[in-house]
């Protein structure tokens, strides 16, 4: 069995860059969830990265116009989740 055959069908043709963006999106989604529901349990392999991003995401969701909030937006843009983050911001 080759490496190609051992991958799930949804991973065939996926580049390392695609996987990195997907991982970054998972961190962003976890930070958004944690900001909205602080009692939520984050998967252990994401917990540290989510905790690192959480202050920026909170700042953005609260409508701050700060460097921290801008970082969250840039992070979302970089991983293809800008529209999702924008949709969660308080008006």
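The values are calculated or read from the model by the stated rules, or taken from the named source; none is laboratory data. Not measured: the values here are computed from a predicted model. In this analysis, Cβ positions are derived from the backbone assuming ideal geometry, glycine residues included, and neighbour counts consider all displayed protein chains.
Scanning segment 2-17 for residues that are loosely packed, with under 10 Cβ neighbours inside 10 Å, at pLDDT below 75 and in a helix (DSSP H, G or I), we see that the one that is nearest to the chain's Cα centre (by Cα) is 10.
Cβ separations smaller than 8 Å between residues 6+ apart or across chains give the following pairs from segment 50-77 residues that are touching a residue at least 24 places away in the same chain (Cβ under 8 Å) to residues that are outside any helix (DSSP H, G or I) and surrounded by fewer than 20 Cβ atoms within 10 Å (Cβ to Cβ): 60/89; 61/89; 61/90; 62/90; 63/89; 63/90; 63/91.
Would you confirm, using the coordinates I've provided, whether residue 20 is surrounded by 14 or more Cβ atoms within 10 Å (Cβ to Cβ) and in a helix (DSSP H, G or I)? In short, no. Please specify each residue of segment 48-73 satisfying the condition of being surrounded by 14 or more Cβ atoms within 10 Å (Cβ to Cβ) and within 30 Å of residue 11 (Cα to Cα). 49, 50, 51, 53, 54, 57, 71, 72, 73, listed by residue number.
Looking for something out of contact with any strand residue (DSSP E or B) (no Cβ under 6 Å at 6 or more places or on another chain) and not in a helix (DSSP H, G or I) - is there at least one such residue anywhere in segment 50-62? Within segment 50-62, one or more residues are out of contact with any strand residue (DSSP E or B) (no Cβ under 6 Å at 6 or more places or on another chain) and not in a helix (DSSP H, G or I).
Restricted to segment 24-41, and to residues there that are under 12 Å from the mean Cα position of the chain (by Cα) and without any contact (Cβ under 8 Å) to a residue 24 or more places away in the chain, the residue that is nearest to residue 78 (Cα to Cα) is 26.
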